[in-house]
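Data first, discussion second: the structure below is written as C-alpha coordinates.
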Amino acid sequence: MHKRLLTAATALSLVIPAALAGGAQGQPVGPVTTAQVSNDTDVLFMEVASMSNLTEITTSQLALQKSTNQNVRAYAQQMITEHTRAQAELRALANAKGVRIADKPGADQRLLYNRLTTLSGAAFDAAYKNVQVNGHQMTLDLIETYRPLSKDQQVGAYAAKIQPAVARHLEEAKALPGS
(Lines give C-alpha, C1' and ligand atoms only; values in the text may rest on other atoms or scores of the structure.)
Protein backbone atom coordinates (compact mmCIF):
# COMPACT_ATOMS: atom_id res chain seq x y z
CA MET A 1 0.00 0.00 0.00
CA HIS A 2 2.85 2.40 0.83
CA LYS A 3 4.33 1.84 -2.63
CA ARG A 4 0.95 2.62 -4.22
CA LEU A 5 0.62 5.82 -2.20
CA LEU A 6 4.11 6.82 -3.23
CA THR A 7 3.41 6.07 -6.90
CA ALA A 8 0.15 8.03 -6.91
CA ALA A 9 1.68 10.89 -4.92
CA THR A 10 4.54 10.94 -7.40
CA ALA A 11 2.04 11.10 -10.27
CA LEU A 12 0.30 14.06 -8.65
CA SER A 13 3.61 15.77 -7.90
CA LEU A 14 4.70 15.40 -11.52
CA VAL A 15 1.55 17.03 -12.84
CA ILE A 16 1.85 20.22 -10.84
CA PRO A 17 5.42 21.33 -11.73
CA ALA A 18 5.03 20.25 -15.34
CA ALA A 19 1.75 22.11 -15.59
CA LEU A 20 3.17 25.24 -13.99
CA ALA A 21 6.37 25.25 -16.06
CA GLY A 22 4.69 26.97 -18.98
CA GLY A 23 6.48 28.26 -22.04
CA ALA A 24 9.06 30.95 -22.73
CA GLN A 25 9.57 33.41 -19.86
CA GLY A 26 7.32 31.23 -17.71
CA GLN A 27 4.22 31.99 -19.76
CA PRO A 28 1.81 29.06 -20.11
CA VAL A 29 1.52 27.56 -23.58
CA GLY A 30 -2.07 27.52 -24.78
CA PRO A 31 -5.13 27.42 -22.54
CA VAL A 32 -4.44 26.92 -18.86
CA THR A 33 -6.17 24.04 -17.10
CA THR A 34 -7.62 24.59 -13.66
CA ALA A 35 -5.05 22.16 -12.20
CA GLN A 36 -2.26 24.48 -13.34
CA VAL A 37 -3.48 27.13 -10.92
CA SER A 38 -5.06 25.01 -8.19
CA ASN A 39 -3.90 22.61 -5.53
CA ASP A 40 -7.43 21.27 -4.94
CA THR A 41 -7.28 17.47 -4.65
CA ASP A 42 -10.48 16.95 -6.65
CA VAL A 43 -9.24 19.19 -9.47
CA LEU A 44 -5.85 17.47 -9.53
CA PHE A 45 -7.52 14.07 -9.69
CA MET A 46 -9.69 15.17 -12.62
CA GLU A 47 -6.62 16.50 -14.43
CA VAL A 48 -4.58 13.32 -14.03
CA ALA A 49 -7.59 11.10 -14.86
CA SER A 50 -8.16 13.15 -18.02
CA MET A 51 -4.54 12.77 -19.15
CA SER A 52 -4.75 9.05 -18.40
CA ASN A 53 -7.92 8.61 -20.48
CA LEU A 54 -6.43 10.58 -23.35
CA THR A 55 -3.22 8.52 -23.24
CA GLU A 56 -5.20 5.28 -23.41
CA ILE A 57 -7.16 6.58 -26.39
CA THR A 58 -4.18 7.88 -28.39
CA THR A 59 -1.86 4.92 -27.76
CA SER A 60 -4.69 2.51 -28.55
CA GLN A 61 -5.47 4.33 -31.80
CA LEU A 62 -1.80 3.83 -32.67
CA ALA A 63 -2.08 0.14 -31.77
CA LEU A 64 -4.95 -0.23 -34.24
CA GLN A 65 -2.67 1.23 -36.93
CA LYS A 66 0.51 -0.66 -36.07
CA SER A 67 -0.34 -4.01 -34.49
CA THR A 68 -1.25 -7.10 -36.48
CA ASN A 69 -1.96 -9.16 -33.35
CA GLN A 70 -5.72 -9.67 -33.03
CA ASN A 71 -5.58 -9.75 -29.19
CA VAL A 72 -3.73 -6.43 -29.10
CA ARG A 73 -6.10 -4.91 -31.64
CA ALA A 74 -9.21 -6.09 -29.74
CA TYR A 75 -7.82 -4.72 -26.47
CA ALA A 76 -6.94 -1.43 -28.18
CA GLN A 77 -10.46 -1.05 -29.57
CA GLN A 78 -11.90 -1.77 -26.12
CA MET A 79 -9.61 0.91 -24.60
CA ILE A 80 -10.71 3.46 -27.19
CA THR A 81 -14.39 2.73 -26.58
CA GLU A 82 -14.27 2.62 -22.78
CA HIS A 83 -11.84 5.51 -22.23
CA THR A 84 -13.70 7.72 -24.72
CA ARG A 85 -16.85 7.11 -22.69
CA ALA A 86 -15.02 7.73 -19.39
CA GLN A 87 -13.44 10.92 -20.77
CA ALA A 88 -16.81 12.26 -21.97
CA GLU A 89 -18.27 11.64 -18.52
CA LEU A 90 -15.28 13.26 -16.82
CA ARG A 91 -15.37 16.28 -19.14
CA ALA A 92 -19.10 16.79 -18.47
CA LEU A 93 -18.46 16.57 -14.73
CA ALA A 94 -15.55 19.02 -14.93
CA ASN A 95 -17.54 21.44 -17.10
CA ALA A 96 -20.44 21.35 -14.64
CA LYS A 97 -17.99 22.35 -11.90
CA GLY A 98 -16.29 25.05 -13.97
CA VAL A 99 -13.06 23.05 -14.10
CA ARG A 100 -10.98 23.07 -17.26
CA ILE A 101 -9.19 19.72 -17.66
CA ALA A 102 -6.40 18.57 -19.96
CA ASP A 103 -7.25 18.08 -23.60
CA LYS A 104 -4.14 16.01 -24.36
CA PRO A 105 -1.90 13.55 -22.56
CA GLY A 106 0.91 14.83 -20.36
CA ALA A 107 4.39 15.44 -21.75
CA ASP A 108 5.77 12.18 -20.36
CA GLN A 109 2.85 10.30 -21.89
CA ARG A 110 3.41 11.99 -25.27
CA LEU A 111 7.04 10.89 -25.13
CA LEU A 112 5.89 7.30 -24.63
CA TYR A 113 3.57 7.71 -27.61
CA ASN A 114 6.46 9.05 -29.71
CA ARG A 115 8.54 6.01 -28.75
CA LEU A 116 5.70 3.69 -29.75
CA THR A 117 5.57 5.31 -33.21
CA THR A 118 9.14 4.10 -33.85
CA LEU A 119 8.34 0.44 -33.17
CA SER A 120 6.66 -2.32 -35.14
CA GLY A 121 5.74 -5.98 -34.89
CA ALA A 122 6.37 -7.82 -31.64
CA ALA A 123 8.48 -4.93 -30.32
CA PHE A 124 5.51 -2.58 -30.70
CA ASP A 125 3.13 -5.05 -29.06
CA ALA A 126 5.48 -5.54 -26.08
CA ALA A 127 5.99 -1.78 -25.64
CA TYR A 128 2.25 -1.11 -25.98
CA LYS A 129 1.58 -3.77 -23.33
CA ASN A 130 4.13 -2.11 -21.05
CA VAL A 131 2.49 1.32 -21.52
CA GLN A 132 -0.93 -0.17 -20.78
CA VAL A 133 0.17 -2.10 -17.70
CA ASN A 134 2.11 0.84 -16.24
CA GLY A 135 -0.57 3.39 -17.10
CA HIS A 136 -3.42 1.38 -15.62
CA GLN A 137 -1.39 0.56 -12.50
CA MET A 138 -0.59 4.25 -12.01
CA THR A 139 -4.25 5.18 -12.48
CA LEU A 140 -5.41 2.48 -10.09
CA ASP A 141 -2.89 3.71 -7.50
CA LEU A 142 -4.07 7.27 -8.07
CA ILE A 143 -7.72 6.31 -7.52
CA GLU A 144 -6.88 4.41 -4.34
CA THR A 145 -4.92 7.40 -3.02
CA TYR A 146 -7.51 9.96 -4.10
CA ARG A 147 -10.75 8.37 -2.88
CA PRO A 148 -10.14 8.83 0.88
CA LEU A 149 -9.07 12.45 0.21
CA SER A 150 -12.02 13.36 -2.01
CA LYS A 151 -14.11 16.28 -0.84
CA ASP A 152 -16.39 16.48 -3.87
CA GLN A 153 -19.05 13.78 -3.74
CA GLN A 154 -19.57 13.66 -7.53
CA VAL A 155 -15.86 13.47 -8.37
CA GLY A 156 -15.42 10.82 -5.69
CA ALA A 157 -18.33 8.87 -7.17
CA TYR A 158 -16.70 9.07 -10.63
CA ALA A 159 -13.47 7.66 -9.17
CA ALA A 160 -15.38 4.86 -7.43
CA LYS A 161 -17.27 4.08 -10.64
CA ILE A 162 -14.16 3.77 -12.83
CA GLN A 163 -12.01 1.89 -10.30
CA PRO A 164 -13.29 -1.62 -11.18
CA ALA A 165 -12.86 -0.94 -14.92
CA VAL A 166 -9.30 0.32 -14.40
CA ALA A 167 -8.48 -2.81 -12.36
CA ARG A 168 -9.99 -5.00 -15.11
CA HIS A 169 -8.06 -3.13 -17.81
CA LEU A 170 -4.85 -3.71 -15.85
CA GLU A 171 -5.45 -7.46 -15.64
CA GLU A 172 -6.37 -7.62 -19.34
CA ALA A 173 -3.22 -5.65 -20.24
CA LYS A 174 -1.07 -8.08 -18.29
CA ALA A 175 -2.48 -10.89 -20.42
CA LEU A 176 -1.47 -9.23 -23.71
CA PRO A 177 1.38 -10.83 -25.69
CA GLY A 178 4.90 -9.58 -25.04
CA SER A 179 7.27 -9.48 -22.15
Give the accessible surface of segment 86-130 per residue, rounded to a whole number of Å², with probe radius 1.4 Å and ligands, DNA and RNA excluded. 53 Å²
Any idea of R115's accessible area? Nearest 10 Å², probe 1.4 Å. 130 Å²
Could you order V48, V37 so the one with the most accessible surface comes first? Probe is 1.4 Å. V37, V48
Once the dipole of segment 91-177 is set up from charges on Cβ (+1 Lys and Arg, -1 Asp and Glu), the residue from the list Q163, A96, H136 lying farthest towards its positive end is A96
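Rounded, prolate or oblate: which fits segment 86-146 when a ≥ b ≥ c are the square roots of the eigenvalues of the alpha-carbon gyration tensor, with rounded for a/c under 1.5 and prolate only if a/b beats b/c?
Because a/c hits 1.5 or more and a/b exceeds b/c, segment 86-146 counts as prolate.
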Over segment 133-179, with neighbouring protein chains present, the accessible area per residue in Å² at probe 1.4 Å is 49 Å²
Calculated FRET efficiency for the pair Q70/N130, C-beta based, R₀ 25 Å, to 0.05: 0.80
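On a 32 Å Cα-Cα criterion, which of the cross-link pairs K104/K161; K66/K97; K104/K174; K66/K151; K104/K151 come out too long? Don't jump to the answer; show the numbers that get you there.
Values: K104/K161 22 Å; K66/K97 38 Å; K104/K174 25 Å; K66/K151 42 Å; K104/K151 26 Å.
Pairs exceeding the cut-off: K66/K97; K66/K151.
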Can you give the convex hull volume of the alpha carbon atoms of segment 57-179 per residue, in Å³? 99 Å³
If Lys and Arg each add +1 and Asp and Glu each add -1, what is the summed charge of the other residues whose beta carbon sits under 14 Å from the beta carbon of P105? -1
Could you give the dipole magnitude of segment 106-179 about its Cα centre, charging the beta-carbon of Lys and Arg +1 and that of Asp and Glu -1, in debye to the nearest 20? 80 debye
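The values are calculated or read from the model by the stated rules, or taken from the named source; none is laboratory data. Because the structure is a prediction, the values reported are computed rather than measured. Virtual Cβ from ideal backbone geometry, glycine too; neighbours counted across all protein chains shown. For accessibility, only protein heavy atoms count, side chains too; no ligands or nucleic acids. Shrake-Rupley method; radii C 1.70, N 1.55, O 1.52, S 1.80 Å.
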